[in-house]
Amino acid sequence: MTREKIIIDADPGVDDAAAILMALASPEVDVLGLSIVAGNVALRDTVLNACKIVGLSGRRDVSVYAGAAGPLVRDQVYGKYARIGAFDDALVRAGDIGASEEHAVHFIVRSAREAAKAGEKITICAIGPMTNIALALVQHPDVASGIRQIVSMGGAFTALGHRTPWAEFNIYADPHAAEIVYRSGVPIIIMPLDMTFQALFTSEHFERFRAGGEAGNALFNLFSTFDRSDVGRFGRPGGPIHDATTIAWLIRPQLFSGREAFVGVQVTGLTMGYTYADFYGKMDRAPNATVITDVDEDGFIALLIERIARFGQGGLGVAAQGG
Ligand code: RIB
Ligand code: CA
């Protein structure tokens, strides 16, 4: 089995926690490290949350790197649960993992250059505002040659936004960074709200996370505490776990389907953060992304639950490290 070398760029975040644990339990991916950005909450707290999650995973081979504390140009905005800051110790115990001294952008640049030299390009799973990635690409354009693809949870094309009526949060929080990434020439796979809203997790699913030992129980605590359901919007119980779709796509792409399109983002004015996809070639612009439009809800839910359960089966560290 060839293992995909990945960097997870995240702003933990409850759904980031699920994505990170899913990746750390999956031997199909080799997690080189977590580059952390401000987003759901302030950088100090996204770093603390990432360290807590890695600590629970037992994967002491994986490092956390602190990155950008705010967006490139626009004013700072945080997520819906900004007030929670760092995960309460009662929900996710504090561990002894600390962040690396190396800056996240430097880590991304170094990893991409090493990958290019080794002829084994890396995948970046972007599950927060894409500030770190944009900084790496702008400061060192050669970095693009070491990145195979960027799998980005972000944007809304046929769905309406949720942080504002017109924008998904990761893009809204740093639209200039998204524009840099979309224009970079690096292959982009986008997981928009259009698709993530199709897979809704309910309290019964969260209960099944508890088979995953301490890590699974922490996820149960987080998802049970921070309700993400919206019957008014979704018409049924449950809420999305947006970020985990990026990892699930890497592990089992057959659960997803999509189409190529030229994708862009509004970076100024009232609708800043609005994203559009030219699915029908109206702009005569070559596609710059694959937009994932559909997901097998049952398959994705079962895969996430199964991977979280691995934390309750002992010996994870060896298996997930491809041992
Ligand atoms: O819009 C959902 C995205 O915004 C997720 O990545 C969530 O963690 C927040 O970052
Ligand atoms: Ca996130």
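Here are some notes:
- Annotation: Tyr65 fulfils all but one of (1) within 12 Å of the chain's Cα centre (by Cα); (2) within 19 Å of Val109 (Cα to Cα); the unmet one is (1).
- Inter-residue pairs, beta-carbon under 9 Å, first among the aromatic types (Phe, Trp, Tyr) and modelled with pLDDT of 95 or more and in the stretch 297-323, second outside any helix (DSSP H, G or I) and open to solvent by 50 Å² or more (accessible area, probe 1.4 Å), 6+ apart: Phe300/Gln198; Phe300/Arg252
- Annotation for the stretch 145-159: at least one member residue is crowded, with 22+ Cβ neighbours inside 10 Å, on the phi < 0 side of the Ramachandran plot and more than 17 Å from the chain's Cα centre (by Cα).
- When residues of the stretch 81-105 are limited to those that are over 13 Å from Cys51 (Cβ atoms) and in a loop (DSSP other than H, G, I, E, B), the one least open to solvent (accessible area, probe 1.4 Å): Gly85
- Conditions (1) open to solvent by 40 Å² or more (accessible area, probe 1.4 Å); (2) outside any helix (DSSP H, G or I); (3) of a type outside the set (Val, Ile, Thr); (4) within 24 Å of Val37 (Cα to Cα); number of the one not met by Glu179: (2)
- Filter pass, Thr158 being out of contact with any Pro (no Cβ under 6 Å at 6 or more places or on another chain), closer than 21 Å to Arg228 by Cα and not aliphatic (A, V, I, L, M): yes
- Failed item in (1) closer than 28 Å to Thr268 by Cα; (2) open to solvent by 10 Å² or more (accessible area, probe 1.4 Å); (3) more than 16 Å from ligand 2 (Cβ to nearest atom), with Lys117 passing the rest: (1)
- Taking residues in the stretch 237-252 that are over 15 Å from Pro192 (Cβ atoms) and open to solvent by 20 Å² or more (accessible area, probe 1.4 Å), and partners anywhere that are of a type in the set (S, T, N, Q) and more than 10 Å from ligand 1 (Cβ to nearest atom), the pairs with Cβ atoms closer than 7 Å and at least 6 places apart or on different chains are Pro237/Thr202; Pro237/Ser229; Leu250/Thr123; Ile251/Ser26.
- Within the stretch 39-56, considering residues that are in contact with a helix residue (DSSP H, G or I) (Cβ under 6 Å, 6 or more places away or on another chain) and open to solvent by less than 10 Å² (accessible area, probe 1.4 Å), the one nearest to ligand 2 (Cβ to nearest atom): Gly39
- Candidates are the residues of the stretch 71-111 that are small (Gly, Ala, Ser) and in contact with an Asp or Glu (Cβ under 8 Å, 6 or more places away or on another chain); the one that is nearest to ligand 1 (Cβ to nearest atom) is Gly79.
- Selection status of Thr271, within 24 Å of the chain's Cα centre (by Cα), in a strand (DSSP E or B) and of a type in the set (Val, Ile, Thr): no
The values are calculated or read from the model by the stated rules, or taken from the named source; none is laboratory data. Keep in mind it's a predicted model, so treat the numbers as computed, not measured. Virtual Cβ from ideal backbone geometry, glycine too; neighbours counted across all protein chains shown. In case anyone asks, the SASA skips ligands and DNA or RNA and just uses the protein heavy atoms, side chains included. Shrake-Rupley method; radii C 1.70, N 1.55, O 1.52, S 1.80 Å.
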